[in-house]
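Just below is one structure, and these are the notes that go with it.
None of the figures in this text is laboratory data; all of them are computed from the coordinates on show. Remember, predicted model here, so these are calculated numbers, not experimental data. Methodologically, a virtual Cβ is constructed for each residue, glycine included, from the backbone with ideal geometry; neighbour enumeration extends over all protein chains shown.
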Amino acid sequence: MANLPLRVAGLVRSGPLTQARPSSPPAPVVPVRAKPADPGERRVLADDGRVPLRLTVTRGVLGLELYEPVELGPLGVSELAVVLPNLKFPVDLSGGVARFRHRRGDLERLTFTLPFIALTRHAAPRLKSVLKELNRTLVWGRSAGLGAGLAGGMAALAFDILWVPTHGDARFVIARARGVGLAGPALGYALRAVDAVLDGVGARKGRLITIPAAGAAVGKVLLPAVGARAPGAERVRFGDLVLADDHVSVELDAELPPPALGVDAVRELELALLVADADERLAVGDVDAAREGYVAALERGPRHPEIVRLIAEIDAAVGGRGEAALGLLVESLPAHRAGLVGAELLAALGDLAGAREAMREALRDEPFAPLAALAWCKLAALETNAADRRAALDAAVARAPGLPEARWARFDARLGGGDVAGALADAEHLEATYSGARARHAACIRAARALLAHGYVTDAGREFERALRYLPDDAAATAGLARALLEAGRKERAAALLERAIQLGERRGKPDAEALVDLAKMLADEMHDFPQAIARVREVSASSERLIEARRLEGLWRSRLGDIAGASLAYGRMREAVELGARTDARTAEWLVEAGLFEREARLELASAERHLGVALRLSPHDPLVAARYREVAAELADSLRREREARRG
């Protein structure tokens with residue numbers, strides 16, 4: 001065939017043919033994005049009739065190939081060759097691609113490229129259904145497959161996806177699922193994450209994912225979209241996964257030998273087949289049925305460490321089974337090699353030294369830094385010694401310096417331990433971690449409030465000032481700076497800032513409750529202007545976190561003015577807010593006792609006093625003072641009711 005005369009766009013050429021080209025050079029190469037056609041639709045990518053195909057000779061047979069990359073979602077097709085068998089020679093090529101693209105060919109070669117960043121962008125919005133606070137998604141290459149990690153808030157999940165193809169079927173197996181801060185076993189989350197990303201592409205049975213006849217499926221989507229007929233793909237088979245720094249690629253070729261699977265891939269494939277039914281139960285959240293399935297699988301594969309670890313993870317998530325779960329683990333492997341679930345169980349049972357060793361062993365080669373950092377944070381929360389807690393948090397920050405949750409945890413620990421310089425250094429790092437004026441403003445506000453709560457007034461004032469640099473007209477930051485100045489004794493400046501904070505809030509239709517309460521306290525304590533102070537606290541809305549305090553202050557100041565009826569109404573509104581579920585703090589029970597004593601002594605209303613004290617007792621059932629006050633009033637009320645009944649009888 002190589003020496004037959006061929007007609008190319010009206011010219012006759014003879015001799016070896018490496019590629020048949022049209023008379024004019026092809027259009028400039030422009031990456032083409034192909035989306036799957038709707039059912040029954042055939043769509044040519046180039047509206048001007050140009051398609052990214054050219055005639056070529058592949059392995060001695062005339063065919064078609066792509067001359068520019070085509071994208072199918074996150075997947076790139078960088079190479080595609082189709083041979084056209086059963087052609088009669090000599091062949092007239094004057095019609096170019098248009099003459100041959102409607103002939104059914106055989107797929108000879110197909111190369112997929114999957115950039116990690118494209119896969120991450122594709123997966124991130126779909127994974128919100130798996131982890132609601134998701135803000136980090138990462139994909140990386142690992143031996144014979146991919147690694148995937150997602151994190152949000154104080155939860156993180158990571159798992160591997162290993163490449164286990166068979167002939168022309170693309171197959172993957174999910175392996176080494178691990179997580180921190182999840183409400184159930186990590187494998188269940190991993191299976192649901194894969195389902196969300198696949199979105200109907202291929203089939204998943206347990207932890208095994210199969211895309212049958214992948215070459216034919218891509219051919220049916222891609223070639224009709226570029227104006228050619230879908231090829232047959234019975235001859236091609238998959239090769240090995242080829243990893244690069246920022247992408248992974250794999251080739252389908254008719255001349256490739258059967259793929260060879262590595263030891264890890266074979267082991268995980270065998271495990272997937274053993275526990276497929278139990279995995280399916282776990283994927284839909286039926287934890288009890290999944291556990292029964294894993295126990296049954298353990299009978300067929302006794303002391304299998306992965307199955308044992310899964311059962312222990314289920315028991316740890318259920319609660320109340322810690323000792324049984326740990327006992328099951330140590331029968332199959334040493335406790336320090338039991339992974340994150342082993343560390344969690346050891347810590348929960350009080351063996352913190354063993355938990356630290358298990359944590360170090362589990363995280364030694366962990367590639368997903370947020371998971372490692374959050375695991376150390378979780379251990380820090382269980383530490384009873386301040387030095388050990390700080391060491392765990394140092395390890396967390398070292399693993400993921402840019403993870404805000406780990407650094408906030410260390411900021412709080414340093415502040416609680418009196419290490420103000422270290423806390424301020426963490427606050428500075430956190431401010432730099434966030435991007436955007438609003439996010440950095442929120443970081444400064446959070447740090448400032450924590451500093452103020454611990455009594456570091458000057459440092460808190462500086463942080464509030466930094467917050468105002470990002471949002472100069474923010475009412476909350478203005479009120480916070482005023483509070484810091486007030487505690488530092490600069491009352492005149494604080495009053496002016498509180499007035500400004502209130503004005504800024506009113507401008508947005510929501511007066512700042514913090515500023516209203518603080519200004520009211522200043523009016524009452526410094527100027528003894530109780531009427532104006534009452535007017536200010538009455539502006540605090542029912543949705544505010546300081547509603548209960550505002551109602552209490554209104555009652556207190558009305559009682560000092562001699563407005564007994566008004567004070568009783570204000571205290572009653574305070575109690576009603578508590579009963580309706582408004583946010584309370586440690587002082588709420590004390591304020592209710594104050595209200596009860598007011599009703600008892602100022603109004604002689606024992607029933608109202610008993611109601612206030614009853615709510616206080618519900619909030620603080622173990623407070624001896626609250627219990628004593630309640631018993632006194634309850635006894636007086638019972639005695640009063642008895643006397644009334646006796647009087648009615650007489």
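Calculated from the structure at hand, P(r) over Cα pairs in 20 Å bins from 0, in percent is found among (1) 15, 31, 29, 18, 6, 1, 0; (2) 15, 36, 31, 15, 3, 0; (3) 18, 45, 29, 9, 0 as (1). Relative to the dominant Cα principal axis of the chain, helix 624-649 is inclined by about 60°. Kirkwood-type hydrodynamic radius, the stretch 526-650: 15.2 Å, calculated from all non-identical alpha-carbon pairs.
Plugging the Kirkwood radius over Cα pairs into Stokes-Einstein for the stretch 428-467, at a temperature of 37 °C and a viscosity of 0.692 mPa s, what D comes out in µm²/s?
Values: Rh = 9.8 Å.
The estimated diffusion coefficient comes to 334 µm²/s.
The aspartates and glutamates whose alpha-carbon is closer than 13 Å to the alpha-carbon of Lys128, local same-chain residues fewer than 8 away aside, are Asp195.
Cα centroids of the stretch 203-252 and the stretch 352-422: 43 Å apart.
Taking the convex hull of the alpha carbon atoms in the stretch 280-353, what volume per residue do you get, in Å³? List each step's numbers first, then the result.
Values: hull volume 5.9 nm³, N = 74.
Cα-based convex hull of the stretch 280-353, divided per residue, equals 80 Å³.
Taking Cα centroids, how far is the stretch 542-563 from the stretch 102-141 in Å? Answer, in whole Å: 58. From least to most packed, judged by other beta carbons within 10 angstrom and beginning with the fewest, His102, His612 follow the order His102, His612.
When the helix-only estimate is applied to the chain (DSSP H runs of n ≥ 4, each -39,500 (n - 2.57), divided by the residue count), what is the mean residue ellipticity at 222 nm, nearest 500 deg cm²/dmol? Before the final figure, lay out the partial values.
Details: 26 runs with 340 residues, N = 650.
After summing the helix terms and dividing by the residues of the chain, the value is -16500 deg cm²/dmol.
Relative contact order of the chain, taken over Cα pairs closer than 8 Å and 6 or more residues apart, is 6 percent. Averaging Cα coordinates gives a centre for the stretch 598-635 and one for the stretch 428-500; these two points are 39 Å apart.
Label zone (Glu234, point 7 Å along Cα-to-C-beta; backbone nitrogen cut-off 19 Å) within the stretch 195-219: 212-219. Residues within the reach of a label modelled at Leu243 (point 7 angstrom out along Cα to beta-carbon, backbone nitrogen below 13 Å), restricted to the stretch 159-181, are 160-163. Label separation (Glu270 vs Ala496): 7.9 nm, computed from points 7 Å beyond Cα along the C-beta direction.
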